[in-house]
Amino acid sequence: MADIILKIAGALIFLSITCGIIRLVIGRTIVDRIVAIDMLTVVSISLIALYAHLSGRFVYVDVALVYGLLSFLAVLAIARYLERRS
């Protein structure tokens with residue numbers, strides 16, 4: 001049962017990556033592209049967590065947490081830059 005759930009989670013993660021890349025390519029504004037990049041970072045964090053579970057090496061969870069924090073700070077910095085620019 002757990003194997004089926006993990007396969008479904010992997011398939012949904014790769015579907016989300018595909019949707020994020022499509023949004024990144026066809027995004028009309030810079031905000032659309034920033035949201036797509038932020039979504040891709042969230043999806044990649046879930047991919048790292050899934051890999052940590054499958055490999056049994058939970059040090060990757062720490063990597064995912066740091067990556068999430070850096071992603072959050074980067075989106076805040078970009079939003080602040082765009083707010084001052086306009």
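The values are calculated or read from the model by the stated rules, or taken from the named source; none is laboratory data. Because the structure is predicted, anything quoted here is derived from the model rather than measured. Cβ coordinates were reconstructed from backbone atoms using ideal geometry, including for glycine residues, and neighbour counts include every protein chain displayed.
Pull up segment 23-39, narrow it to residues that are outside any helix (DSSP H, G or I) and not charged (D, E, K, R), then point me to the one that is modelled with the lowest pLDDT.
Applying the first criterion (outside any helix (DSSP H, G or I)) to segment 23-39 yields 27-29.
Among the residues that remain, those that are also not charged (D, E, K, R) are: 27, 29.
Numbers: G27: 88, T29: 91.
Only one residue fits best here, namely G27.
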Sole miss for R57 among (1) exposed (fewer than 13 other Cβ atoms within 10 Å of the Cβ); (2) in a helix (DSSP H, G or I) is condition (2)
